[in-house]
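Visitor: One structure, pasted below without further comment.
The values are calculated or read from the model by the stated rules, or taken from the named source; none is laboratory data. Note that this is a predicted model, so its numbers are computed, not measured. Every residue, glycine as well, gets a Cβ built from its backbone with ideal geometry; the counts of neighbours run over all protein chains shown. Calculation scope for accessible area: heavy atoms of the full protein, side chains included, ligands and nucleic acids excluded. Shrake-Rupley method; radii C 1.70, N 1.55, O 1.52, S 1.80 Å.
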Amino acid sequence: GDAGAGASVFSGNCAACHAGGQNVIMPEKTLQQDALEEYLDGGFNEAAVIKQVTNGKNAMPAFGGRLSDDDIANVATYVISTAKSGWD
Ligand code: HEM
């Protein structure tokens, strides 16, 4: 995916709960690499982010049908690449 396009998907659809890679609803379930390795179903990889964004999980809404497959792939690339750089 295209991380640059994913950044704008993130700011429009994810940052309300995940600004700066944090999580305002479940504070331990951040988008930092260590938390994704521990909590994200399927591990620290783009396919696992795509799955959770498409289907949602608990209090996180599903974006399948609201975002295009391309938008979801791009935001997954953005999340994984930004986590690798520590959200700085
Ligand atoms: C968890 C991505 C939108 C609430 C997560 C996780 C990822 C993620 C990768 C796993 C974090 C972990 O397990 O450490 C995204 C993306 C979004 C988005 C890319 C936009 C497309 C939102 C929004 C909300 C939200 C808008 C709040 C309304 C949550 C919650 C969890 C979570 C509550 C924890 C779910 C659980 O394990 O029970 N998100 N998120 N997310 N997200 Fe989002």
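Visitor: Just to be sure, is Val79 in a helix (DSSP H, G or I), within 6 Å of the ligand (Cβ to nearest atom) and buried (at least 19 other Cβ atoms within 10 Å of the Cβ)?
Guide: When the stated conditions are applied, Val79 passes them.
Visitor: Please go through the range 12-53 and pick out each residue that is near the ligand (Cβ under 7 Å from one of its atoms), without any contact (Cβ under 8 Å) to a residue 60 or more places away in the chain and touching a Phe, Trp or Tyr at 6+ places or on another chain (Cβ under 8 Å).
Guide: His18, Lys29, Leu31, Leu36, Val53
Visitor: Next question, about the same structure. Return the residues of the range 46-61 that are open to solvent by 40 Å² or more (accessible area, probe 1.4 Å) and of a type in the set (Gly, Ala, Ser); say none if nothing qualifies.
Guide: Scanning the range 46-61 gives Ala47, Ala59.
Visitor: Only one of (1) open to solvent by 80 Å² or more (accessible area, probe 1.4 Å); (2) within 11 Å of the ligand (Cβ to nearest atom) fails for Gly65. Which number is that?
Guide: It is condition (2) that Gly65 fails.
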